[in-house]
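What follows is one structure encoded as structure tokens, with my remarks underneath.
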Amino acid sequence: MSTATAADWHGPGQRAGARWGFKWSELLWALVFPRTGQRIMPTASGVILISLAMGIGTAAYNTANNILFITLSLLLACLILSGVLAWFNSKGVAWRLQPPPSLRAGQEAMVTLELRNGKKYLPTYGLWFGVVANPVEPPSVPAPRGKKGKERPVREILAAAERNRLRARLFLRGRLDPGATARLEWIFRPVRRGAQKLALESVGSLFPFGFLHKHIGGGLRHEVVVWPAPVEYRRWGATAARPLAAGLRMARAGSGGDLLALRRYEPGDSHRLIHWKASARSRQLLVRQFSAESQEIFALWLQTAADVWTRPEQFELLVGLAATMAEDLFRAGKLGSVAVNDRPPQPIRRVRDFESFLDELAVVQPVAEDNPGSATAHSRPLGEGLRPALGGRKNVITFAPDGMRGVAAYVDGEKTASA
């Protein structure tokens with residue numbers, strides 16, 4: 001976890017440790033004209049109390065009854081005290097939103113909201129926080145239309161967007177003491193892949209009497225990427241991938257014959273691996289590290305031609321199958337490189353390389369191009385268009401529609417999996 005900075009925190013108490021020079025003029029001005037994003041609204045009971053105060057005030061002026069004037073002053077004092085206590089309750093409080101490191105569609109994820117009370121003497125009570133996860137529509141998606149090609153009503157479009165939006169309200173159940181911190185957790189399940197915005201929309205409180213609703217703008221937004229959901233697929237063992245030529249080297253540590261790098265000697269290393277000349281030059285023991293040999297290294301090529309993948313649900317299945325197969329191959333150490341459409345193949349050597357590929361799959365969309373390498377590749381033997389870009393390799397995984405709804409994976413033109 002990275003060290004928190006002042007820019008990570010938002011709210012009235014954003015600047016921790018800053019001295020607050022108290023002035024009555026600033027206090028009264030803040031109560032009459034609050035800052036941008038802050039407002040105090042009466043609740044239902046507050047409206048009743050205000051109406052009652054107006055009625056009693058009218059009766060007091062008409063009858064000149066001192067008891068009614070005293071009652072009116074008590075009601076007004078209750079309202080003013082409620083506003084002042086609500087202002088002090090949120091003063092000095094700061095918050096920050098921490099999204100999860102990775103998100104998968106259809107899987108639960110946890111968002112953490114950290115709170116901090118920067119006041120020295122007063123605790124904080126009864127805060128609630130409104131959080132929302134809103135999917136970001138890709139720019140290439142056309143405007144939604146009806147069955148007859150007419151544009152859908154704006155109300156229907158907004159209703160469809162609201163169904164994909166996830167909302168929740170987190171409550172501070174206990175007391176937040178001066179100088180203390182607290183953590184609130186929100187567990188949600190992303191509906192689909194793509195970019196999403198996690199936002200803290202509002203911070204509210206009914207403290208202390210419930211007559212007034214104190215509202216503060218959250219001001220926190222994080223854009224995250226939701227990876228495709230894993231899918232179940234069937235392997236076809238009869239058409240297993242053909243192994244590559246023996247002796248193919250990989251850029252990772254192993255027991256092959258090619259020297260990969262030199263590293264420091266560690267207890268347990270064989271003395272036969274010590275490179276004596278390099279150790280003498282550097283005045284420390286260095287051992288030789290050889291490359292690993294692999295017999296089954298695969299290259300995955302994903303083509304998203306719009307004229308081939310015409311059904312949205314079938315395209316989503318394609319992306320999920322590609323992500324699932326790539327993850328299985330990567331965990332087995334058999335994924336050598338990946339390519340999307342006409343982009344150059346990217347080698348997969350570490351976890352970050354694989355996560356970058358998942359980030360690309362999260363936002364990939366069907367493309368309409370006249371490039372024969374992407375749009376008409378399925379009219380030729382599968383994998384034939386990729387071999388020039390991959391240097392003529394074997395074990396090239398490509399994908400094609402399997403019927404009206406399914407997706408099939410091919411290795412050098414032979415069917416190896418289907419979903």
Listing Ile297, Ile70 by rising number of other beta-carbon atoms within 10 angstrom, fewest first, gives Ile70, Ile297
Rank these for me by crowding, Lys197, Lys277, going from fewest to most other beta carbons within 10 Å. Lys277, Lys197
Residues with amide H under 5 Å of Val407's amide H, sequence separation 5 or more or different chain, H placed in the peptide plane at 1.01 Å from N; which? Asp402, Ala419
Hey, fewest Cβ within 10 Å first, where do Thr58, Thr304 land in order? Thr58, Thr304
Could you calculate the contour length gain from Phe171 to Trp236, that is, 0.36 nm times the residue separation minus the distance between their Cα atoms, to one decimal place in nm? 18.3 nm
Built amide H within the under 5 Å cut-off of Val93, gap 5+: Gly13, Gly118
Hz values of 3J(HN,Hα) by residue in the range 270-283 - Karplus curve (6.51, -1.76, 1.60), Gly and Pro given as x: 6, 5, 6, 8, 5, 8, 5, 5, 5, 5, 5, 5, 8, 6
Place the peptides 114-122, 168-176 in order of packing, highest mean first, counting for every residue the other Cβ atoms within 10 Å and averaging per peptide. 114-122, 168-176
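Every number here is computed from the coordinates shown, using simple stated rules; none is lab data. Everything quoted here is computed from the prediction, not taken from an experiment. Neighbour counts are summed over all protein chains in view; Cβ atoms, including those assigned to glycine, are modelled from backbone coordinates with ideal geometry.
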